[in-house]
Amino acid sequence: MMTIDIKPLASAGQIKLGLTKQEVYEKIGKPTDSFPEKDCYQSNDIFFSVSYDQNDKVEYIEYSKTGNKDFSIRIHDIDIFWTPADQLINHVKSVTKCDFDSEDFEIPYSYIFPDLELSFWRPTIPSDYEENEVEDEYENGKYFRTIGIGIKGYYSEMKLK
C-alpha cells in the first residue's frame, strides 16, 4: 500500500511547502494539468493539486479522495479518507491540541484549523440523506473528500482580511 503523510505547515509526501515549481517538477514530475497558479496531478490512484504564490513557491497542497483503498493519505498516523469525519476531527484536535474555527459558516461540510493551516472538506453530511437512502458511506458524507495544507497565514490571515 502506498502512503502519503500530511504534515501541517510542512509537507505532503515529497512536496514541501515553499518549494519552487521547478523543484516540485524535479521531485514528482510534470503535472497532468497546469494553470498559471496551480498544477494538478491525477491518476487512477490519486488526485492532488499544488498551488503557487506570485513567486512560484508552493503555498497550498490539496489531496482528494479517489476511492482506491490501496492508497492511504494520513495525518498523525490516521487515514484521512477512511476514518469517519467526526472521529478524524477529534483525533486531530487531541493530537495537536489545536481547534478548528468554530465560526466558519461551512461547518459541518468544511473544517479549518487556522493554527495548523489545515482544512478538511466533504460535499455532503449524513443528515443530508434519509436513513438508508445512500448505502455507500463514502457517498453519504461519512468521510471527508479533501484535505488541504497551506503555508503560515494561508487560513489564519484569511479572517483578518
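The values are calculated or read from the model by the stated rules, or taken from the named source; none is laboratory data. Small disclaimer: the values here were computed from a predicted structure and weren't measured. In this analysis, Cβ positions are derived from the backbone assuming ideal geometry, glycine residues included, and neighbour counts consider all displayed protein chains.
Please specify each residue of segment 39-58 satisfying the condition of being closer than 20 Å to K69 by Cβ and aliphatic (A, V, I, L, M). Give the derivation first.
First pass over segment 39-58, keeping only residues closer than 20 Å to K69 by Cβ: 41-48.
Selection gives I46 alone.
Quick check on E59: is it of a type in the set (D, E, K, R), surrounded by 16 or more Cβ atoms within 10 Å (Cβ to Cβ) and out of contact with any Cys (no Cβ under 6 Å at 6 or more places or on another chain)? Give the derivation first.
Details: of a type in the set (D, E, K, R): yes; surrounded by 16 or more Cβ atoms within 10 Å (Cβ to Cβ): yes; out of contact with any Cys (no Cβ under 6 Å at 6 or more places or on another chain): yes.
Against the criterion (of a type in the set (D, E, K, R), surrounded by 16 or more Cβ atoms within 10 Å (Cβ to Cβ) and out of contact with any Cys (no Cβ under 6 Å at 6 or more places or on another chain)), E59 qualifies.
Looking for something more than 20 Å from Y154 (Cα to Cα), part of a loop (DSSP other than H, G, I, E, B) and of a type in the set (F, W, Y) - is there at least one such residue anywhere in segment 44-57? I'd like the intermediate steps shown before the answer.
First, the residues of segment 44-57 that are more than 20 Å from Y154 (Cα to Cα): 44-47.
Subset that is part of a loop (DSSP other than H, G, I, E, B): 44-46.
Narrowing further to those that are of a type in the set (F, W, Y): none.
There is no residue in segment 44-57 that is more than 20 Å from Y154 (Cα to Cα), part of a loop (DSSP other than H, G, I, E, B) and of a type in the set (F, W, Y).
Listed here are the residues, each with its yes/no results for (1) modelled with pLDDT under 95; (2) more than 19 Å from Y154 (Cα to Cα).
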| residue | (1), (2) |
| --- | --- |
| K21 | no, no |
| I89 | no, yes |
| L116 | no, no |
| P126 | yes, yes |
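Among the numbered criteria (1) in contact with a strand residue (DSSP E or B) (Cβ under 9 Å, 6 or more places away or on another chain); (2) at pLDDT below 95, which one does D5 miss?
Tallying (1) in contact with a strand residue (DSSP E or B) (Cβ under 9 Å, 6 or more places away or on another chain); (2) at pLDDT below 95, D5 fails exactly one: (2).
Can you pull out every residue in segment 128-156 that is at pLDDT 95 or above and charged (D, E, K, R)?
Correct list: K152 only.
If I ask for residues that are surrounded by 12 or more Cβ atoms within 10 Å (Cβ to Cβ) and not in a strand (DSSP E or B), which ones from segment 33-43 would you list?
E37
Does segment 58-95 hold any residues that are part of a strand (DSSP E or B) and in contact (Cβ under 8 Å) with a residue 60 or more places away in the chain, and which are they? Walk me through how you get there before you give the answer.
Step one: list which residues in segment 58-95 are part of a strand (DSSP E or B), which gives 58-64, 71-75, 78-79.
Matches in segment 58-95: V58, E59, Y60, I61, E62, Y63, S64, F71, S72, I73, R74, I75.
Can you list residue pairs whose Cβ atoms sit under 6 Å apart, with the first residue in segment 147-161 being surrounded by fewer than 21 Cβ atoms within 10 Å (Cβ to Cβ) and in a loop (DSSP other than H, G, I, E, B) and the second being at pLDDT 95 or above and of a type outside the set (A, V, I, L, M)? Count only pairs 6 or more apart in sequence or on different chains.
Matching pairs, first to second residue: I151/E59; S156/P114.
Being surrounded by 14 or more Cβ atoms within 10 Å (Cβ to Cβ), part of a loop (DSSP other than H, G, I, E, B) and either more than 16 Å from the chain's Cα centre (by Cα) or of a type in the set (F, W, Y) (or both) is the filter here, so list the residues in segment 102-114 that pass it. First the steps, then the outcome.
Of the residues in segment 102-114, the ones surrounded by 14 or more Cβ atoms within 10 Å (Cβ to Cβ) are 104, 107-114.
Now restrict to residues that are part of a loop (DSSP other than H, G, I, E, B): 104, 107-109, 114.
Those that are surrounded by 14 or more Cβ atoms within 10 Å (Cβ to Cβ), part of a loop (DSSP other than H, G, I, E, B) and either more than 16 Å from the chain's Cα centre (by Cα) or of a type in the set (F, W, Y) (or both): D104, Y109.
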